[in-house]
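Peer 1: Sharing a structure here in C-alpha cells format.
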Amino acid sequence: MIRVPVWAFCLLAASLALASSASAIEIRKVTSPGGITAWLSEDHTIPLIAMRFSFEGGSAADPDGQEGLAYFLSGMLDEGAGDLDSASFQKRVDELNMRMSFNAERDGFTGSLQTLTENRDASFDLLRLALTTPRFDQEPLDRIRQQILLSLREDREDPESIVGASWMKTMFGDHPYARPVKGTAEGLKAIKGSDLNALANRLFAREGLLISVVGDIDEDTLKRLLDETFASLPEKSGMPAVPPATIARGPSVDVVERDIPQSVVRFGHAGIARDDPDFLTA
C-alpha cells in the first residue's frame, strides 16, 4: 500500500524544483468542500502547476489470465475520453501545452499533470475526462497492445530486465508481486476494452486517493478544482485485496546463462515495511 511519507518526498522534490529561493517550503493540507484532500506547496514565482496523485491498487491485483491489465490501462487513458477520440484528445493536450501521464505499479496506480496557469481549468477538465469517461476504441487499443508486446519482447533480451524478473521470482515465488508489471503476452492478448473499462470503474475511487500539488495556485482555487476533477469518482474502491507476501529466507544464488560479454548482478533481502517507525530513518 502506498503511504503518505512516499508522497511527502514527491511533493518536496517538486517543490524544490519550482522554488525560486532557498527559503523553507510550506506544505499545507487542503480539503475541498466535497471532502477531497491534497497537500499544497504554493509558489507564484512561476506560472506553472504540477500535480501528482495515486490510487490504491496496481498490477499485483491483475486477474489471472489478464496479467498486464493495470499497465495496459495506464497506456490507454490519454487515448480518448468523453467525446474526444484518440487523435482529438492528443490534439487538445498539445493545444493546452500540458503534460498528462499515468503509471501502474504493483500496489498503486499513479498519475501526474503539469499545466501553465493560463490553461489550468481546461487542463484539469481534460484529466477529469480521462479518469471518469475514458474511451477504449479499437484502433488505439490494438496499437497500445502492440507497443507493450514489443516492449515485452525487448525485455526478454535485456539483461537488466532479465535479472530483475529472476530476482523478484526468487524473492516472492508464486505471489503476484513476482509477476512483471507489464504482464505477459498471453494475458495482454486476452484483454478487451470492456476489461479496461471495468478496471477503471474499480480502481478510480476517492477511497485511498492521495494528491500533492505544487505551484501557482491558491487554496480556494485548488479546492474548486479538486471537486471538479475528482468528486464525481465513486467513494469506495472495488479493488481486491492482495494477499500478504512471504519473503524467501536464507541464502540463494540463481544464475541465468546468457551469451553476452557482461554480467549483471542483483542482490537483496527483506527490508523494512513502509509503516515501520524506522522506515524514514532507514
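The values are calculated or read from the model by the stated rules, or taken from the named source; none is laboratory data. Computed from a predicted structure; not experimentally measured. Cβ sites come from the backbone with ideal geometry, for glycine too, and all protein chains shown count toward neighbours. These accessible areas exclude ligands, DNA and RNA; they are computed on the full protein's heavy atoms, side chains included. Shrake-Rupley method; radii C 1.70, N 1.55, O 1.52, S 1.80 Å.
Peer 1: Considering only region 144-179, how many residues are under 18 Å from ASP62 (Cα atoms) and outside any helix (DSSP H, G or I)?
Peer 2: Final tally of qualifying residues: 4.
Peer 1: Could you check, for region 58-75, whether at least one of its residues is within 28 Å of ASN119 (Cβ to Cβ), in contact (Cβ under 8 Å) with a residue 24 or more places away in the chain and among the aliphatic types (A, V, I, L, M)?
Peer 2: Taking every residue of region 58-75 in turn, at least one turns out to be within 28 Å of ASN119 (Cβ to Cβ), in contact (Cβ under 8 Å) with a residue 24 or more places away in the chain and among the aliphatic types (A, V, I, L, M).
Peer 1: Looking at LEU127, LEU141, LEU113 in this structure, which one is farther than 29 Å from ALA248 by Cβ, aliphatic (A, V, I, L, M) and either assigned to a strand (DSSP E or B) or open to solvent by 30 Å² or more (accessible area, probe 1.4 Å) (or both)?
Peer 2: Within the list LEU127, LEU141, LEU113, the selection yields LEU113.
Peer 1: Can you pull out the residues in region 81-98 that are open to solvent by 50 Å² or more (accessible area, probe 1.4 Å) and in a loop (DSSP other than H, G, I, E, B)?
Peer 2: Within region 81-98, ASP83, ASP85, ASN97 qualify.
Peer 1: Conditions first: (1) of a type outside the set (A, V, I, L, M, F, W, C); (2) within 23 Å of ALA87 (Cα to Cα); (3) open to solvent by less than 40 Å² (accessible area, probe 1.4 Å). THR132 passes all but one, so which condition is the exception?
Peer 2: Answer for THR132: the failing condition is (3).
Peer 1: How many residues are within 18 Å of the chain's Cα centre (by Cα) and either surrounded by 21 or more Cβ atoms within 10 Å (Cβ to Cβ) or farther than 22 Å from ILE162 by Cα (or both) when one looks only at region 175-194?
Peer 2: Taking region 175-194 and keeping what is within 18 Å of the chain's Cα centre (by Cα), we get 176-177, 179-183.
Still in the list and also either surrounded by 21 or more Cβ atoms within 10 Å (Cβ to Cβ) or farther than 22 Å from ILE162 by Cα (or both): 179, 182-183.
Counting residues in region 175-194 that are within 18 Å of the chain's Cα centre (by Cα) and either surrounded by 21 or more Cβ atoms within 10 Å (Cβ to Cβ) or farther than 22 Å from ILE162 by Cα (or both) gives 3.
Peer 1: I would also like to ask the following. Looking at region 25-38, I want the residues that are farther than 16 Å from ALA205 by Cα and have a partner that is buried (at least 19 other Cβ atoms within 10 Å of the Cβ) and of a type in the set (Ser, Thr, Tyr) with Cβ atoms under 7 Å, at least 6 apart or on another chain. Which pairs are those?
Peer 2: ILE25/SER15; ILE25/SER41; GLU26/SER41; ILE27/SER41
Peer 1: Can you name the residue in region 234-261 that is over 25 Å from PRO176 (Cβ atoms) and touching a residue at least 12 places away in the same chain (Cβ under 8 Å) and is also nearest to the chain's Cα centre (by Cα) among such residues?
Peer 2: Looking at the filtered set, the residue picked out is GLU235.
Peer 1: Mind listing whichever residues of region 36-47 are open to solvent by 50 Å² or more (accessible area, probe 1.4 Å) and touching a Leu at 6+ places or on another chain (Cβ under 9 Å)?
Peer 2: Scanning region 36-47 gives TRP39, GLU42, THR45, ILE46, PRO47.
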